[in-house]
Amino acid sequence: MTSSTETAHVSPAKSASTLKSAVLAQRALAERLFATLANGSQGNPGIMRDTFGPGENFAHGVLTDFAAEAGLAVSKDFAANTYVTWRGSEPNAPRILMGSHLDSVPHGGNFDGAAGVIAGLVVIEALRSLGVRPRRDVTVMGVRAEESVWFQVSYVGSRSALGRLPDGALEAKRIDNGKSLAAHIAECGGDPDAIRRRERHLDPATIRAFLEVHIEQAPSLVESHLPLAICSGVPGNFRYPNARIVGRHDHVGTPRRFRHDAAMAGAELAMTLDRIWEEEEKAGVPLAVTFGRFHTDAAAHGMTIVPGAFAFSLDVRAYDAAVLERVEKQMLAAIAGIEARRRVTFELGARASAAVGKVDPAIVAALEAGAARHDIATMRLGSPASHDSAAFAEAGIPMAMLFVRNEHGSHNPMEAMEIDDFLAACTVLADWVAAEVT
Ligand SMILES: [Zn+2]
């Protein structure tokens, strides 16, 4: 912190109650922005901010309109991410990025993603109201395409901005209309060729940190009666979105030794992974295994037919790259055994993965100290979900996240975040930003 500043303002970091009051005074702004977003992206039921579609575009428009109204600078990058910047006095000082995604799952809730963007705006407005003149830029990023349900690709907006979108991702098709990601990006004013060339809009060396406020997706904070958690890590994953097992359709009376039962093979793999998960959990290693799709072939299955085809998707997530590697190796070994014993073939198809997102210990400690200063009780919590912040961490940018209590889970219309809890997160974030910009 500089002591030679000529401005007369009281440093908000030094005056906890002043800072907290300034954040709480932004309640009406936060409520208005959440309401505007909800009204313009109704999904009947829930919210529909479809990735690179009208819903997400609307949300980016809300962000742009707010910036114009507030006199903040707006820019876009070649993935059509939106940046709203409060300019600092030292152009070469690494800037602070806050933000989250503005898309939603189909029929999702209003807070997953949007809370992180609105939190950034609340922080800027609170600090401006105190007369703070930042020495470094403070930017709110509305990130595109975080919800991988649409294109089955994770972190599209953040990784594109960082020049790290994997090869082939731009050719992924949106699940509901079959149009490519590249075509969608171009339609929204982006430049898929720049992404393909791995051009970098965000240079990690110029970014002090990325901070993301997000609602919690599980009810841990409700259970603990706490408004807020400081993230201890974002899980990485490996995924097989379109795996198949090929066996042979046979008569229901076929003796076991002649069968090529694809469904039993799928069941055996699921139980094997469940057992591996249970063992890891017993050893204190957090892990999650999910077969999101798990089915026989509806065009050929029937009560009196041995299933000759089986399809599934698989997502395995953990907070440690070595754990992911170990589990995947065990899985591949199990598959080889199942194939030999059950006379079937696994076609795992495309594999996707995301790196584990490590939080910055110094920022975590500072956020905890800030929360304590403002009498906001917190706990540390491993994120159950993937977040853009992991992509920033992977690129070498210091990262931290704040989770806000949320009653009914996320990815559904019933998300229930209280504005009081949201403003508590904004207070802790504003405290950190104030100390970094003054
Ligand atoms: Zn989210």
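Sort 97, 221 so that the residue with the fewest other Cβ atoms within 10 Å of its own Cβ comes first and the one with the most comes last.
The fewest-first ordering by Cβ neighbours comes to 221, 97.
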Contour excess over end-to-end distance, with Cα ends at residue 408 and residue 283 and 0.36 nm allotted per residue = 42.1 nm
If each of residue 305 and residue 24 carries a label point 7 Å out from its Cα toward its Cβ, how far apart are those two points in nm?
-> 6.6
Which loop-located trypsin sites (Lys or Arg not before Pro) does the range 99-196 contain, where loop means any DSSP state but H, G, I, E or B and the Cβ has at most 14 other Cβ atoms within 10 Å?
-> 179
Compute the acute angle (0 to 90°) between the alpha-carbon long axis of helix 361-373 and the principal axis of greatest extent of the alpha-carbon atoms of the chain; round to the nearest 10°.
-> 60
Taking the dipole about the Cα centre of the range 210-345, with the C-beta of Lys and Arg at +1 and of Asp and Glu at -1, give me whichever of 273, 214, 345 is farthest to the positive side.
-> 345
Size of electric dipole in the chain: Cβ of Lys, Arg +1 and of Asp, Glu -1, about Cα centre, debye, nearest 20 = 860
Virtual spin-label span in nm between residue 270 and residue 198, 7 Å along Cα→Cβ | 3.9
Rounded to the nearest 10, the angle in degrees between the Cα long axis of helix 54-70 and the longest principal axis of the Cα atoms of the chain comes to 10
Take residue 248, project a point 7 Å from its Cα along the Cβ direction, then tell me which residues of the range 290-307 have their backbone nitrogen under 14 Å from it.
-> 306-307
Using amide H atoms built 1.01 Å from N in the peptide plane, name the residues 5+ places from residue 98, or on other chains, whose amide H lies under 5 Å from its own.
-> 139, 140, 141, 211
Select from 223, 212, 394 the residue whose mean-square fluctuation is largest in a Gaussian network model of the chain (Cα-Cα springs shorter than 10 Å).
-> 223
In a shell of Cβ-Cβ distance under 10 Å around residue 219, excluding residue 219 itself, what net charge do Lys and Arg (+1) and Asp and Glu (-1) give?
-> -2
Answer with one residue from 134, 104, 163: the one whose Cα lies farthest towards the positive end of the charge dipole of the range 100-183, charges on Cβ with Lys, Arg +1 and Asp, Glu -1.
-> 134
Which of 29, 402, 423 has the fewest Cβ neighbours within 10 Å, and the rest in rising order | 29, 423, 402
Charge dipole of the range 237-354 about the Cα centre (unit charges at C-beta), most positive-ward option of 307, 263, 323 = 307
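Rule-based calculations on the coordinates, nothing more; no lab input. Please read all numbers here as calculations on a predicted model, not as lab measurements. All Cβ positions, glycine included, derive from the backbone under ideal geometry; neighbour counts span all protein chains shown.
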